[in-house]
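The structure appears below as C-alpha cells.
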Amino acid sequence: MLATVTDPGDDKTPAGAQELLALLAQGAPVEAFAAPAAAARAARAPAGEVAALDEATRTALEIHRTLAHHRTREAELTALFDTAGDLAALRDLDSVLRAITHRAKQLLHTDVTYLSLNDERAGDTFMRVTDGSVSAAFQQLRLGMGEGLGGLVAQSARPYATGDYQRDPRFRHTGPIDAAVAEEELRAILGVPLRLGPKVIGVLFAADRSPREFAPREVALLSSLADHAAIAIDGARLLEETRRALAELNAASRTIQENSEALRRAEEAHDRLTGLVLRGGDVAEVAAAIGTLLGGGTLVHDADGMELARSHPGAPLPPPDRAVNASRGGGRAVPHGRTWVCAVLAGPELLGSVTLTGRPGLDAPARRLFERAATVTALLLLLRRSVAETEDRIRGELLGDLLSRAADPAGLAVRARRLGVDLDRPHALFVLHGDAVPRPRLLTAAAHQARERGGLAGVHHDHAVLLAPSGSPSADARGLAAALGRAAGAPVTVGAAGAGAPNDLVAAHAEALRCLSTLRALGRTGEGGTSAELGFLGVLLGDRPDLPAYVRATLGPLMEYDAERGSDLVHTLEVYFATGMSRTRAKDALHLHVNTVVQRLDRIGRLLGPTWQDPERALELQLALRLHRVSGAGTDTDTGG
C-alpha cells in the first residue's frame, strides 16, 4: 500500500498522499497531517482509499518524528561543537566557567544552571558560578562529599537527576542545603560530574523551579557538555598557572637583575671607600664619598658623640642616641625622622655612627650600601685609633721622660721635634682630675686635646697630665677644663703652671698639682686656673710664688692710675686699712680733709670694683699692700707715698 502513495507520478496515488508528502517537505506541524484523511472521509471517498490515507498518515508522522529527532540531535551536536570551539578560545578561568553555565542553560532550556568545584583541602565542593540564580545563600553554598545531590555526584562521579529534590529520599538532606534550595525555589535538578580521567573536579547542574523529569537525552547532553567543560577548565587552569609562573619568573628575573646591579654598585662603592681608606684618606674624605654615593649629606660621629666630619655645611647635629642604640642592637641602618643612622661597629664595640641626611627614604640596595659604608668607616676609625694609640703612647712616654728627667735633654728635644712639639716655646703644664670620669676616657680626651694643641699627654704620678704651648696658662686652663668636661660628659678640674723651658717642667708639675688640690679644696670642681688666680692662697701654696705678679694682679689699676696722674691712691688705701677702715681716722693720718678722703675712696672703688671692701677681697688687698711695701714688688709703677 505504501508503494501506491510513494510515487507522485502514479495516477493511482491518492491525492491525499501527495499532500502528506508536501507537508513532510514543508516541515509542517503534527496537527496538519490529519487533514488529508479527514478530507477524504468528508468527501465519502472509498473505504480502501481512506484506509490507505490513514496508513500513509501514520507513516508520515513517524517520518516527521524521525526527522525532528535528527534535527534536534543535529542542533545539539552543532551546539556542542560550537561550545567546544568557544571554550577552546577562552583563556581566563572565570570566563570559561561563566560560558559553560550559560551554554548549559541555553541547551537544556532550564531556569537555572550552576557549577561547583571540588576543594580537596576542605573535602567538599563549593558553588563557583551560577546563571539564573537569585539567592545569595544558594550562590555561597558548600556541599560536603555525599551531601545532597551535588555532593553525591562529586563523591560517586555519576550523574544524578530528580524531578522534585525536596521530596526525593535518595539524597542526604541537610539544613543548609535544603534551606538554600528552598530559597532558590528549585524542584527538578540534574547534576553531572566534571571529570578529568578518573578525577572529579566539580559538578555541572541544570535545574527548574517546577517539577519535571529529565530525559536520558538531556542527561547525555549535559554530560557531553561537562566533558568539554572539564577539558576547558583544566586548560584554563594550566594556562593561568603558566602565566603565573611566567610572571613569577619575570619578577624573579627582574629581582635578580636588580640585585645583581645593586651588588655591582655595592662592590664598586666598597672598593672605592676601601681604597680611599688604604690610601690614607681621612674621615672627611670618606664622609664626602658616602654623601656622593648616596646623594645626601653625611655626618660622622665618634662613640662619645663628637662630630668627626661632615660632607655638607650646616650647624652641628649630634647623633640621636636612641637611633644609634637601635642600629647597634639590630646591626642595620634605621630611619630617624628625615635622616638615616647606622652604628659604626667593630664586633660588639661601638666606634661611632654615620648619619645620612637629605634622603628620607632608602630602598633596600641603598640601605645595604649605606650599611657597607658604615663598615668601611669602622675600618677607618680602627686604623685611626690604632695610629692615635701608638702616637699617644709615644707622646706619653716623652712627657714622662720630660717630667722625670730620665733622658738626655738634647735627645728629648729631638724626640719632641719628631712629634711636632717645639720645647723652646713657652708651655704650660696642666694636671687634670675628674671625680666622675673614668681615667681611660679622661686620657682619651686629654690626648685628643694634646694633638689639637700640638702638645703631649700622659700619666705622671697617678694623674693625667697635659703639656701644651701657652701664652696664658690661666685662660688656657679654663678653656681646657670646659673642653674636657664636654668631651668626658662630667666636670674636669685643671690646675696649671707655666714653664718657660724644659728644665722648669718638674717644678711646674708640682705647682700645677698644688693648684689642682687647692681648687678641689675650695669646691671649684670643673674649673681651671693657676696659683696666681687663687690670690693669697696661691701665694702661700705656690712653690715659686711670683710676688710682683700677684701685687700687679691685685693693685694694678691703682698703681697704673697713680703712675699716670701722680696721685697717691695706693698709700691712701694702705692708710685706710691701717686705721680700721675709718674715714675719720684716715683723714687725720693723711692730714687731709674728710671730703678728700671720701673722693679718693670713691675713685678706688671705681678702679677696683664694688666688692673691694668685702672681707675676702679686703684681705687680698691688704696682703698685696704689705708685700708691695715690704718687698718693693711692683715698684716700677709705684709713685711712693
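Summary of values
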read-out: Unmet criterion (only one of (1) modelled with pLDDT under 85; (2) among the small types (Gly, Ala, Ser); (3) not in a loop (DSSP other than H, G, I, E, B)) for Gly314; value: (3)
read-out: Selected residue (only one of Glu55, Glu76 is at pLDDT 60 or above and acidic (Asp, Glu)); value: Glu55
read-out: Hey, Ser116 in a loop (DSSP other than H, G, I, E, B), on the phi < 0 side of the Ramachandran plot, of a type in the set (Gly, Ala, Ser) and crowded, with 18+ Cβ neighbours inside 10 Å or not; value: no
read-out: Flag if Thr375 is at pLDDT 80 or above, among the polar types (S, T, N, Q) and not in a helix (DSSP H, G or I); value: no
read-out: Matching residues, the range 169-197, being touching a residue at least 12 places away in the same chain (Cβ under 8 Å), assigned to a loop (DSSP other than H, G, I, E, B) and not basic (Lys, Arg); value: Phe171, His173, Thr174, Glu185, Leu186
read-out: Condition check for Thr572: of a type in the set (S, T, N, Q), in contact with a Lys or Arg (Cβ under 6 Å, 6 or more places away or on another chain) and part of a loop (DSSP other than H, G, I, E, B); value: no
read-out: Residues of the range 333-351 satisfying the condition of being within 13 Å of Leu380 (Cα to Cα), of a type in the set (Gly, Ala, Ser) and crowded, with 24+ Cβ neighbours inside 10 Å; value: none
read-out: Some residue of the range 218-238 being small (Gly, Ala, Ser), assigned to a loop (DSSP other than H, G, I, E, B) and modelled with pLDDT of 85 or more; value: no
read-out: Residue check for Arg121: in the same structural domain as Ala220 (by TED's automatic domain parsing), closer than 23 Å to Ala215 by Cβ, assigned to a loop (DSSP other than H, G, I, E, B) and modelled with pLDDT under 95; value: no
read-out: Any hit, the range 143-157, residues being among the acidic types (Asp, Glu), out of contact with any helix residue (DSSP H, G or I) (no Cβ under 8 Å at 6 or more places or on another chain) and either assigned by TED's automatic domain parsing to the domain that holds Glu218 or in contact (Cβ under 8 Å) with a residue 60 or more places away in the chain (or both); value: no
read-out: The listed residue being in contact (Cβ under 8 Å) with a residue 60 or more places away in the chain and not assigned by TED's automatic domain parsing to the domain that holds Ala445, out of Leu403, Leu351; value: Leu403
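The values are calculated or read from the model by the stated rules, or taken from the named source; none is laboratory data. None of these values were measured; they are calculated from a predicted model. Quick reminder, even Gly has a Cβ in these numbers, built from the backbone with ideal geometry, and neighbours come from all protein chains shown.
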